[in-house]
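The values are calculated or read from the model by the stated rules, or taken from the named source; none is laboratory data. Fair warning: this is a prediction, and the values are worked out from it, not measured in the lab. With ideal geometry, Cβ positions are generated from the backbone for all residues, glycine too; neighbour counts draw on all protein chains shown. The protein model used for the area step is the full one, side chains on, heavy atoms only, and it has no ligands, DNA or RNA in it. Shrake-Rupley method; radii C 1.70, N 1.55, O 1.52, S 1.80 Å.
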Amino acid sequence: MRLDKYLKVSRLIKRRTVANEACDAGRVTVNGNVAKASYDVKVGDKIAIRFGDKTVEAEVLSIAETVRKEEAKEMFRYI
């Protein structure tokens, strides 16, 4: 699954366009490397997102095309 879509489905970022812009700006890293929106996310990847002076880090636990809001938090765990 594309990185921008994963960020939206898992609700780490609310909208896919915002996720895409964050990737283009270089604010999203996967396993320590700056990642483009088209990066193919795999289980076990470590994603870090910079929001201003705050950084959110999460590990990918599962990948699903669609998921209910209550189940979205089970797709990743915060590090």
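Looking at the stretch 52-77 only, could you name the residues that are part of a strand (DSSP E or B) and in contact (Cβ under 8 Å) with a residue 12 or more places away in the chain? First the steps, then the outcome.
Of all residues in the stretch 52-77, those part of a strand (DSSP E or B) come to 54-60, 76-77.
Those that are part of a strand (DSSP E or B) and in contact (Cβ under 8 Å) with a residue 12 or more places away in the chain: V56, E57, A58, E59, V60, F76, R77.
Quick one: would you say A37 is open to solvent by 30 Å² or more (accessible area, probe 1.4 Å), out of contact with any strand residue (DSSP E or B) (no Cβ under 6 Å at 6 or more places or on another chain) and under 13 Å from L3 (Cα atoms)?
Values: open to solvent by 30 Å² or more (accessible area, probe 1.4 Å): no; out of contact with any strand residue (DSSP E or B) (no Cβ under 6 Å at 6 or more places or on another chain): yes; under 13 Å from L3 (Cα atoms): yes.
It is false that A37 is open to solvent by 30 Å² or more (accessible area, probe 1.4 Å), out of contact with any strand residue (DSSP E or B) (no Cβ under 6 Å at 6 or more places or on another chain) and under 13 Å from L3 (Cα atoms).
Of the residues that sit in the stretch 10-26 and are among the hydrophobic types (A, V, I, L, M, F, W, C) and free of Cβ contacts under 8 Å to residues at least 12 places away in the same chain, which one is nearest to A64 (Cα to Cα)?
Across the stretch 10-26, the extreme among qualifying residues is V18.
Just checking, does the stretch 1-9 include any residue being open to solvent by 30 Å² or more (accessible area, probe 1.4 Å), under 11 Å from the mean Cα position of the chain (by Cα) and without any contact (Cβ under 8 Å) to a residue 24 or more places away in the chain? Give the steps one after another, and end with the answer.
Filtering the stretch 1-9 for residues open to solvent by 30 Å² or more (accessible area, probe 1.4 Å) gives 1-2, 5, 8.
Among the residues that remain, those that are also under 11 Å from the mean Cα position of the chain (by Cα) are: 1-2, 5, 8.
Subsequent filtering for residues that are without any contact (Cβ under 8 Å) to a residue 24 or more places away in the chain retains 5, 8.
The answer is yes, given that some residue of the stretch 1-9 is open to solvent by 30 Å² or more (accessible area, probe 1.4 Å), under 11 Å from the mean Cα position of the chain (by Cα) and without any contact (Cβ under 8 Å) to a residue 24 or more places away in the chain.
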